[in-house]
Amino acid sequence: AILAAKAEGAGREVIAVDPRNTSRTCPECGHTAKENRPTQEKFHCQACGHTAHADVVGASNVLRAGLARRQAQPA
Ligand SMILES: [Zn+2]
C-alpha cells in the first residue's frame with residue numbers, strides 16, 4: 001500500500017502481479033521449472049539454455065505480467 005501511494009504521487013501506475021513462478025520462468029521460451037534456478041542468483045533455462053541473473057529474470061517476468069494484466073483490464 002505504501003508503494004502504491006508513492007507511485008501514484010509520482011504519477012506512476014501500479015499493477016499488482018502474482019509473483020509465483022516469476023523467478024522460475026524463462027523469459028526467452030517460457031519454460032517454467034524450479035531446475036531453472038540452480039542457485040539463488042543464477043537463472044539457467046533447462047529447455048533453451050538461456051542464462052541470466054535471477055533477479056533480472058524475475059523483474060522482466062513481473063513487468064510482462066503487469067503489462068499483460070493492464071491490457072486485460074483497461075483503466
Ligand atoms: Zn528457455
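Along the axis of the charge dipole computed for the chain (Cβ charges of +1 for Lys and Arg, -1 for Asp and Glu, origin at the Cα centre), the listed residues L3, G49, A72 are led at the positive end by A72.
How large is the helix-only mean residue ellipticity at 222 nm for the chain, computed as the sum of -39500 (n - 2.57) over DSSP H runs with n ≥ 4, divided by its residue count, in deg cm²/dmol to the nearest 500? It would help to have the intermediate numbers written out before the result.
Values: 2 runs with 27 residues, N = 75.
Result for the chain: -11500 deg cm²/dmol, rounded to the nearest 500.
Of the peptides 33-46, 10-23, 51-64, the ranking by mean beta-carbon count within 10 Å, highest at the top, reads 51-64, 33-46, 10-23. Taking other residues whose beta carbon is less than 13 angstrom from the beta carbon of G58, and scoring Lys, Arg as +1 and Asp, Glu as -1, yields +2. The label-point distance for A1 and Q46, in a model that sets each label 7 Å from Cα toward Cβ, rounds to 4.1 nm. For the chain, the per residue solvent-accessible surface stands at 73 Å², with DNA, RNA and ligands left out and a 1.4 Å probe.
The mean sequence separation of alpha-carbon pairs under 8 Å and at least six residues apart, normalised by the residue count of the chain, gives a relative contact order of 27 percent.
Remark: the range 34-39, residue by residue, has Karplus-estimated 3J(HN,Hα) of 5, 5, 5, 10, x, 9 Hz, where x stands for each Gly or Pro and the curve is 6.51 cos²θ - 1.76 cosθ + 1.60 at θ = phi - 60°. Size of the range 18-72: Rg and Dmax of its alpha carbons, in Å, are 10.8, 34.
Protein heavy-atom surface of the range 18-72, 1.4 angstrom probe: 51% of the accessible area is carbon and sulfur, with nucleic acids and ligands not counted. Taking the Cα centre of the chain as origin and assigning +1 to Lys and Arg Cβ atoms and -1 to Asp and Glu Cβ atoms, the resulting dipole is close to 100 debye.
The values are calculated or read from the model by the stated rules, or taken from the named source; none is laboratory data. The structure displayed is predicted, hence computed values, not measured ones. Cβ coordinates were reconstructed from backbone atoms using ideal geometry, including for glycine residues, and neighbour counts include every protein chain displayed. SASA here: full protein model, heavy atoms, side chains in, ligands and nucleic acids out. Shrake-Rupley method; radii C 1.70, N 1.55, O 1.52, S 1.80 Å.
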